[in-house]
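Take a look at the structure below.
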Amino acid sequence: MFLALLIVFPVAEVTAFVLVALAIGWLWALALLITTSVLGAGIARRQGRAAIGEVSRAIVERRPPGSAALDGALGSLGGLLLAIPGFVTDALGVLLLVPPGRRLARRWISTHYGARVMRYAAGASRFTRGGPQRRPADVDSTAVEEDTGRLPG
């Protein structure tokens, strides 16, 4: 699957570039790619800062930060996809930047990875303060006390 993706994705990017270039001209297509890359870098930076702010606000308000963190990660990913040159990645990036697309991605992630995250969180809780505590190990040991009554030497 991964190998097929490595082959299909670049072919799709080149095909999309050729189709756009034939429609609007080669120079305009190249200018559009450069513009979306520059804009994408700025958007990724801004979305990342906003995500950190939202997660911090959720923690201060004692709300679960999961939704804010996922929204921020999806927004940052959208900006990064815009920064990568290519019209297919630009389309995916824009999809993650608009609320309906982000909502769709959040729903897909939660249905496909929600159970895995919960299993991980349940397993990791034993390492947190207040989590299930282990009983101390029952170790048999033998100690021998030697008292010779004099100092060596």
Give Ser56, Ser37 a once-over and let me know the one that is touching a residue at least 24 places away in the same chain (Cβ under 8 Å) and over 19 Å from Ala105 (Cα atoms). Ser37
Count of region 57-67 residues which are of a type outside the set (Ser, Thr, Tyr), surrounded by 12 or more Cβ atoms within 10 Å (Cβ to Cβ) and assigned to a helix (DSSP H, G or I): 4
Odd one out for Gly101 among (1) part of a helix (DSSP H, G or I); (2) more than 24 Å from Val117 (Cα to Cα): (2)
Residue check, Ala68 without any contact (Cβ under 8 Å) to a residue 40 or more places away in the chain and in contact with a Leu (Cβ under 9 Å, 6 or more places away or on another chain): no
Output yes when any residue across region 107-116 is touching a helix residue (DSSP H, G or I) at 6+ places or on another chain (Cβ under 9 Å), among the polar types (S, T, N, Q) and either part of a helix (DSSP H, G or I) or at pLDDT 90 or above (or both), and no when none is. yes
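Okay, residues lined up against (1) within 23 Å of Ala91 (Cβ to Cβ); (2) small (Gly, Ala, Ser); (3) within 26 Å of the chain's Cα centre (by Cα); (4) assigned to a helix (DSSP H, G or I):
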{"site": "Ala12", "(1), (2), (3), (4)": "yes, yes, yes, yes"}
{"site": "Leu27", "(1), (2), (3), (4)": "yes, no, no, yes"}
{"site": "Thr36", "(1), (2), (3), (4)": "yes, no, yes, yes"}
{"site": "Ala41", "(1), (2), (3), (4)": "yes, yes, yes, yes"}
{"site": "Ala51", "(1), (2), (3), (4)": "yes, yes, yes, yes"}
{"site": "Ala69", "(1), (2), (3), (4)": "no, yes, yes, yes"}
{"site": "Leu74", "(1), (2), (3), (4)": "yes, no, yes, yes"}
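The values are calculated or read from the model by the stated rules, or taken from the named source; none is laboratory data. This structure is a prediction, so every number in the text was calculated from the model and none was measured. Note that we place each Cβ from the backbone using ideal geometry, even for glycine, and neighbour counts take in every protein chain shown.
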